[in-house]
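Peer 1: Sending over a structure as C-alpha cells; questions will come in a sec.
Nothing in this text is a laboratory measurement; each read-out follows from the coordinates by a stated rule. These numbers come from a predicted model, not from an experiment. All Cβ positions, even for glycine, are placed from backbone atoms using ideal geometry, and neighbour counts span all protein chains on display.
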Amino acid sequence: MKNKLKQIFSLNNEISTSQINSEALELEKARERLQKFQKERDNDLKIHETNEEDLEKKPASPFQISSPTVNLDNDVILSKTTRIQLDEGLAKLKFHKTIYEDWNFGSVDKQARSVILNFYGAPGTGKTLTAEAFAGSLGKSIIKLGIAELESKFMGETSKNIQAVFKLASEEDAVLFFDEADTLLGKRLSSVTQGIDNEVNAMRSTLLIELERFNGIAIFATNFAKNYDEAFRSRISHHIHFDLPDLEARTHLWAKMLVHQIPLAESREKFIDSAAELSDGFSGREIRTCMRLILPKALLEAEKNHEEPKVKLEQLQEVIDRIKQAKVEVANSESKLSTKEISTAKTLLGVNK
C-alpha cells in the first residue's frame, strides 16, 4: 500500500514539475516576443524621429519637376521651317550612337549628350508648349524656370540657385526650361557701380559655367533674342525661330480649335478655310482668342434672336477685326515707363544705358 502511495506521489510530482517547466518555457517565449516587439517599436520611433529631423534640416526644393502631358506629334502645330529645325535638334539624340560612337565624333566632342536650344520669336507662337512637348516626346520630366524662381534677395544666393537647379536636372535626367530667358542671358555689365551689378554679372558667369559642363537638355525661350550676350549665343547649339503660323499651320490650328461638337452655319471645311485666310498674321494664341470670343458671341446672338445657336463666318470676321484693332491701339511702341523703371530694366537685361 505504501509503495502504491509513493508511486502516486512520485507521479504527481513529475506531472507538477513538467507543468512548471512547460509554463516556465512559455513565459520565457512570451518574454522574448515582448522584448522583440519593444525593440522593433523603439527602432520605428528612432527612424520616425530621424525622418522628422531630416525634413526640418532639408527645406523643400523651390524647383518644381513635372511630367509633361503633351508631345510634339499630337499637340504642337508649327510652321514647316520651325518644325524642321526642331526635328534637327531631336536628331542629335535619336542618332547619338551613330554620330558619337560609329562615326567617332565623341573623340572631339566631350559633351555628347548635351543639347542646348533657344526658342525665339513673337509672343504666342508656341515656344512654351513646344518645350514641354519636347520633353514629353523624349519621355523626360521638365523643370520650368524663370527669373522669379532663381533670383534671391541675398547676395550670392542666385548663383547658388543656378548651380542647384543644374545639379537637380542632372540627377533627375530632366529637361531644363528657362522662360523669358533674355533676363538671364543678357549682356554682362562692363561698368559695375553697385552690388546689384556684381550680382547680375556673377549670376550670368555662373550660368555660363554650368552650361559649359552640363550634359543634358536645356531649352531657353525669349521674345527678345537680341538682348542675349554673345557668350551665351555661341554656347547654344540650336537657335530655333518660331515663325507666325503659315497658311497650312493656321488651317491645322483652326481644325484643332474648332472641335466637332461646335455647330456651324457653314460647312466645316469652308469655315476652316475661310478662317485660315482671314487670320493671316495671327499667332496660335490669337487664334485661340478668336475662339474664346466667338463662342459666347454666337450663343448671345442666338438667345437674342430666338434661334438655334450656330457659329457664323460674319461673327468670325467681327472678332478678327476686333483683335486686329486691339493690336494697333492697345499694344504700341510708346513707352509708359518712368526713366527710373527703364534704367532698372536695362540693368537687369544687361543692355547699355
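Peer 1: With labels modelled as points extended 7 Å from the Cα through the Cβ direction, what inter-label distance (nm, one decimal) is found for Asn305 paired with Glu180?
Peer 2: Here the answer is 4.3 nm between the modelled labels.
Peer 1: If you don't mind, another one. First measure r as the distance between the Cβ atoms of Ala91 and Arg322, then evaluate 1/(1 + (r/R0)^6) with R0 = 35 Å and state the FRET efficiency to the nearest 0.05. Present the calculation step by step, with values, prior to reporting the outcome.
Peer 2: Values: r = 42 Å, r/R0 = 1.20.
That pair, Ala91 with Arg322, gives E of 0.25.
Peer 1: Pop the C-beta distance of Glu172 and Val259 into the FRET formula with R0 = 45 Å and round what comes out to the nearest 0.05. Please list the in-between numbers first.
Peer 2: Numbers: r = 36 Å, r/R0 = 0.79.
So, using R0 = 45 Å, E works out to roughly 0.80.
Peer 1: Using every Cα-Cα pair within segment 106-187, state what percent have a distance larger than 19 Å.
Peer 2: Values: 1557 of 3321 pairs.
So the pairs more than 19 Å apart make up 47 percent of the total in segment 106-187.
Peer 1: Using 22 Å as the Cα-Cα cut-off, could you pick out the over-long pairs in Lys297/Lys324; Lys80/Lys140; Lys256/Lys297? Before the final figure, lay out the partial values.
Peer 2: On the way: Lys297/Lys324 17 Å; Lys80/Lys140 25 Å; Lys256/Lys297 20 Å.
From the list (Lys297/Lys324; Lys80/Lys140; Lys256/Lys297), the Cα-Cα distance tops 22 Å for Lys80/Lys140.
Peer 1: Note down the magnitude of the dipole of segment 232-311 about its Cα centre, charges +1 on Lys and Arg C-beta and -1 on Asp and Glu C-beta and zero elsewhere, to the nearest 20 debye. Walk me through the numbers before you get to the answer.
Peer 2: Numbers: 12 positive and 13 negative charges, 110 e Å.
That gives segment 232-311 a dipole magnitude of about 520 debye.
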